[in-house]
Structure formats: structure tokens, C-alpha cells
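The values are calculated or read from the model by the stated rules, or taken from the named source; none is laboratory data. For clarity, every value in this text was computed on a predicted model and none was experimentally measured. Cβ: placed from backbone, ideal geometry, glycine included. Neighbour counts: every protein chain shown.
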Amino acid sequence: MGKLVICDHPLIQHKLTFIRDVRTNTKDFRELVDEVASLMAYEITREVPLETVKVQTPVAEMDGKVLAGRMLGLIPILRAGLGMLDGMLKLIPAAKVGHVGLFRDPETLQPVEYYTKLPTDVTERELIVIDPMLATGGSAIAAIDVLKKRGCTQIKMMNLIAAPEGVRAVQEAHPDVDIYVAALDEKLDDHGYIVPGLGDAGDRLYGTK
Ligand code: URA
């Protein structure tokens, strides 16, 4: 079973409260999501392996640590996932970015893939699928399906807020995928919104309704 990691750093929790606040305007919402994404990038890369290299300081030679060349890929789910992308790239500038676009079929209510563009070396990369809200888990599961069908094996999921229903669904469908969230909320309402959540992440990021 994949692990669920709650990124409970005080700065993340502080900013998340303002993100949730209905009075927060689009500009501030976008900036706060960007900042939390950077802080979460720090948490999600905590276990990235290091290797030792020799470095000459002005005083002496020493063994320094650098990232051991394991390459990362960021996979925002369109459109709300884009809101967390730049914040992550600030900390992981060498990551490549793939996009997965999904819409919900109004009749079957199932996610349908309408756009996928992935780095050519995607199967060699450790991937982080990004979406602010993990609600039913339908889009997350479908996006991970898309990546696995193309041969990707190392996949993590990152969300601002998750509902227990979504976490369970992803863990059942993809037990090899660890999930990183800033908060695990109470439940889904009858319309599939996370309670208490933050409303519609895409609309709040882009000022749409
Ligand atoms: N997507 C959102 O943007 N918000 C929710 O609460 C659930 C899904």
C-alpha cells in the first residue's frame, strides 16, 4: 500500500488556511498555491538519493553531496495542476514537465483523456503527478493509468487537499504510488466537492466560474 504523507510544516499549514479562506482573491490565491507547492516540493524530494563528490573550498578539499542524477518529471493534470507547477519548478528547475488533460464524460462521469504530452525519456524519470484536489480520485487514477500505459513505473502523487475517499481509491488502484498532501479533509459532498476544502481550485486559480 502506498503511503500517505501529510506535509504538516507550519508554513504550509499557515498558508493553506489563507488558501482555503473564501475572501482570498485570485491573485493572492495563486501566489499562495505557488508558495505551498515550493514548500511541498521540499518535502516530496526529501528521499531523493545523494552522491558524494570532491569539492575544493577556498580552505580545503572536502566530500560534498549532490543529487545522484535521478531525474524527475512533473506531471500537472490540466488545468488546476498548472497552478502548482511553477512553485515546484523553482525548487526542481531541472525537472521536465509532461501534461495530462482529462475531462469528465457527462454521461458516464468517467474521466476521459483528451491531451497527453510527455517528455521523451519519461520512463526513466521519477514522476510527480500534481493536482491541487484529490476528491473522488477518478482523475488521479486515470492520469496514473496514462503514465503506466506508457511504461512509467516510479510515480508519486502531490495534492494540496485530499478527501479520504480519493486517497482510498488511489491506494486501491495504484498501491505503489505514495501520496503527499498538505491536508486530509473530512469528506466529499454530494457534488464531489471536498469538505471543508477550498472550493473549485481551477476557478479560484484562474478567476473563472
Ligand atoms: N475539485 C476541486 O477543485 N475542488 C473540490 O473540492 C473537488 C474537486
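Listed here are the residues, each with its yes/no results for (1) on the phi > 0 side of the Ramachandran plot; (2) over 16 Å from the mean Cα position of the chain (by Cα); (3) away from the ligand (no atom under 13 Å from the Cβ); (4) modelled with pLDDT under 95.
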position	(1), (2), (3), (4)
Thr123	no, yes, yes, no
Met133	no, no, no, no
Gln171	no, no, yes, no
Pro196	no, yes, no, no
Ala201	no, no, no, no
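Please report, ordered by residue number, the strands (runs of 3 or more DSSP E) entirely within the range 1-73 with at least 3 residues that are free of Cβ contacts under 8 Å to residues at least 60 places away in the same chain and of a type in the set (D, E, K, R).
Values: elements: 4-6, 50-56, 61-67.
Because the criterion is at least 3 residues that are free of Cβ contacts under 8 Å to residues at least 60 places away in the same chain and of a type in the set (D, E, K, R), the strands (runs of 3 or more DSSP E) in the range 1-73 that meet it are 61-67.
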Only listed residue being within 13 Å of the chain's Cα centre (by Cα), more than 16 Å from the ligand (Cβ to nearest atom) and surrounded by fewer than 22 Cβ atoms within 10 Å (Cβ to Cβ), chosen from Ile128, Ile144, Ile155: Ile155
Residues of the range 142-171 that turn out to be farther than 21 Å from Gly199 by Cβ, touching a strand residue (DSSP E or B) at 6+ places or on another chain (Cβ under 7 Å) and not hydrophobic (A, V, I, L, M, F, W, C), as a count: 2
Residue that is of a type in the set (Lys, Arg) and either at pLDDT below 95 or over 29 Å from Glu113 (Cα atoms) (or both), where the choices are Arg23, Arg30: Arg23
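Restrict the check to the range 55-64 and report whether at least one residue is more than 16 Å from the chain's Cα centre (by Cα) and surrounded by 13 or more Cβ atoms within 10 Å (Cβ to Cβ).
yes
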Complete set of residues in the range 165-199 that are within 22 Å of Ile12 (Cα to Cα) and surrounded by fewer than 16 Cβ atoms within 10 Å (Cβ to Cβ): Glu186, Lys187, Val195, Pro196, Gly199
In the range 127-152, the residues that are farther than 16 Å from Tyr114 by Cβ and in contact with an Asp or Glu (Cβ under 8 Å, 6 or more places away or on another chain): Ala135, Thr136, Gly137, Ala140
Single condition Thr123 does not satisfy, out of (1) in contact with a Cys (Cβ under 6 Å, 6 or more places away or on another chain); (2) within 19 Å of Asp200 (Cα to Cα): (2)
Qualifying residue in the range 91-114 (condition: closer than 23 Å to Thr45 by Cα, touching a strand residue (DSSP E or B) at 6+ places or on another chain (Cβ under 8 Å), at pLDDT 95 or above and assigned to a helix (DSSP H, G or I)): no
Residues within the range 83-100 that are buried (at least 17 other Cβ atoms within 10 Å of the Cβ) and farther than 16 Å from Leu127 by Cβ, tallied: 2
